Every structure is written in C-alpha cells, then in structure tokens.
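The values are calculated or read from the model by the stated rules, or taken from the named source; none is laboratory data. Small disclaimer: the values here were computed from a predicted structure and weren't measured. As a convention, Cβ positions derive from the backbone with ideal geometry for all residues, glycine included, and neighbour counts pool all protein chains shown. Side chains included, ligands, DNA and RNA excluded: accessible areas come from the protein's heavy atoms. Shrake-Rupley method; radii C 1.70, N 1.55, O 1.52, S 1.80 Å.
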Amino acid sequence: MKAKNVKASFFLTGNFYRNENFKPLIEGLNKEEHYLGPHSDKHLLYCDWNKRDSLLVDKNEFEQDLNSNYRELARFGISKARAKYLLPPYEWYNNTIAGWTKEQGLQLVNFTSGTRSNADYTYPEMGKSYRSSEEIFKSIVSYNETKPNGLNGFILLLHIGTDPRRKDKFYTQLPKLIDYLNQEGYELVKIDNLLGHKI
C-alpha cells in the first residue's frame, strides 16, 4: 500500500493490539496514517449463527469487551473519538448490537456484500467453503463489470492474516487489485473519509 500511496482501514482486536509481536506493524500503520479501529477485544460472537436475534452476550459483556479494545488502542495514541467506527467480530450482529454500539457514540460498519473478498480467510481443508485468490479476484472484477454502480462506495474486506493452512494468500494480490481499481477510476479511501467523518 505504501508503494501505491494507498491508505486503508484496519479493524483489529484487543488481542492483536496487545500482542508485542505486532507492535512494530501497528506503529507503522499508525505513523503512515491508516485508520485503526476496534474489532472487539476477544473477538466475541455476539449472536447466534442460526437465530440472529438470539444474543450470546449481555450489554455489560459487550461494553466491557469493547472498552478493553479501546484501552489497547489508547496505548498507540488512538482515542475513542478518533476511532468511531466498529467492525463487529465475525462481521455478525443484530439490531440490539447496533443499538448498543450507537449508545457508545459509535457507528457500526460492515463489508459490502456481493464479492468474495471476505472469503480470503478460507483454506482448502474447509471443502466447498474454500475460495482461491483467483476466484476472489474474479468476483471483484465481475461485480464491478456487471453492476450499474460498479464498486462505488463499496467496502472491500480483506484479512490482515489468515490460517497457515491457506498457502494462497490473497493479500499478495493487493498490488494487482489496487492497480485494477485505479485503472477503473476509483479513489481508494479510509472508512472515515468514505462515510464522512474525517479525522
């Protein structure tokens, strides 16, 4: 991204922020003015996969976990006021979670559906759920070429790390993807710029 002069948004768990092995990476991203925000402290599953309206955490657990995530952000000089967007863990939530997020003065965000970009965490042993980097890339191109508004306003989700069993890391395709998006006339921006809260 640095070579392509692109800024991105990184939503990381408290566990990631407090891991000393990742400290140089986080400091580098912060120095380069990428957006750094919360993704919960312990990567909790907020609600049932099959009964989405069934909560698996109560309000106190939600708030304590989120506050712990923000304490880790603060260690890097990032205040809650500067990181107003929350990407829910597993990208899975319901109306109650959205309401609790709003009560915290935050805005819940999620990836835009329609491409396979978020499937870059899969690995071959997952069987039919596995998506290769080629398939993921083609899904992005296909969406852009077949939808009336293309990828305008689109939030593409990629994972900063994946299971060791996935040898075909999609993040190695970032230079190619950035070049494609630039050639298509897109401006790549951070989440706060996209949604109007510039920091």
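What is the local net charge at GLN183, summed over the other residues whose Cβ is closer than 14 Å to its Cβ (Lys, Arg +1; Asp, Glu -1)?
Numbers: positive: LYS4, LYS176; negative: GLU145, ASP179, GLU184, GLU187.
Residues close to GLN183 contribute a combined charge of -2.
Of LYS80/LYS147; LYS59/LYS147; LYS4/LYS128; LYS7/LYS42; LYS2/LYS128, which sit over 29 Å apart, Cα to Cα? Walk me through the numbers before you get to the answer.
Working: LYS80/LYS147 36 Å; LYS59/LYS147 39 Å; LYS4/LYS128 34 Å; LYS7/LYS42 26 Å; LYS2/LYS128 35 Å.
With Cα atoms farther than 29 Å apart: LYS80/LYS147; LYS59/LYS147; LYS4/LYS128; LYS2/LYS128.
Compute the signed sum of charges (Lys and Arg +1, Asp and Glu -1) over the other residues within less than 11 Å, Cβ to Cβ, of ASN152.
On the way: positive: LYS147; negative: GLU184, GLU187.
Neighbourhood net charge equals -1.
Enumerate the amide H contacts of TYR85 below 5 Å, restricted to partners 5 or more residues apart or on another chain; note that Pro and chain-start residues carry no placed amide H.
Sorted by chain and number, the residues that satisfy this are GLN107.
Between [x] 48, 47, 31; [y] 44, 40, 36; [z] 60, 33, 31, which matches Cα extents along the principal axes in Å calculated for the structure shown?
[y]
I'd like to know which of GLY127, THR146, VAL57 lies farthest towards the positive end of the charge dipole of the stretch 1-147, counting +1 on Cβ of Lys and Arg and -1 on Cβ of Asp and Glu.
Ranked along the dipole, the leading option is THR146.
Using only the Cα atoms of the stretch 109-199, build the gyration tensor, take square roots of its eigenvalues as a ≥ b ≥ c, and label the shape rounded, prolate or oblate: rounded if a/c is under 1.5, else prolate if a/b is larger than b/c, else oblate.
Because a/c hits 1.5 or more and a/b exceeds b/c, the stretch 109-199 counts as prolate.
Rolling a 1.4 angstrom probe over the protein heavy atoms, how many square angstrom per residue are accessible across the stretch 146-199?
About 65 Å² of surface per residue is accessible.
In debye, nearest 20: dipole of the chain around its Cα centre with unit charges on the Cβ of K, R (+) and D, E (-)? Mind dumping the intermediate values first?
Working: 28 positive and 25 negative charges, 58 e Å.
Rounded to the nearest 20 debye, it is 280 debye.
I want the antiparallel fraction of DSSP beta bridges within the chain, as a percent rounded to 5.
Rounded to the nearest five, the antiparallel share is 10 percent.
Cut-off under 13 Å on the C-alpha distance; same-chain residues fewer than 8 positions from LYS190 excluded. Which aspartates and glutamates are left, in chain and number order?
Reachable aspartates and glutamates: GLU32, GLU33.
Quick check: at a probe of 1.4 Å, how many percent of the accessible area of the chain sits on carbon and sulfur atoms? If you can, show how the numbers build up before the last one.
Values: 5300 of 11150 Å².
The nonpolar share, carbon plus sulfur, comes to 48 percent.
Could you please state, rounded to a whole Å, how far the C-alpha centre of the stretch 1-46 is from the C-alpha centre of the stretch 60-90?
Taking the Cα centre of the stretch 60-90 as reference, the centre of the stretch 1-46 is 12 Å away.
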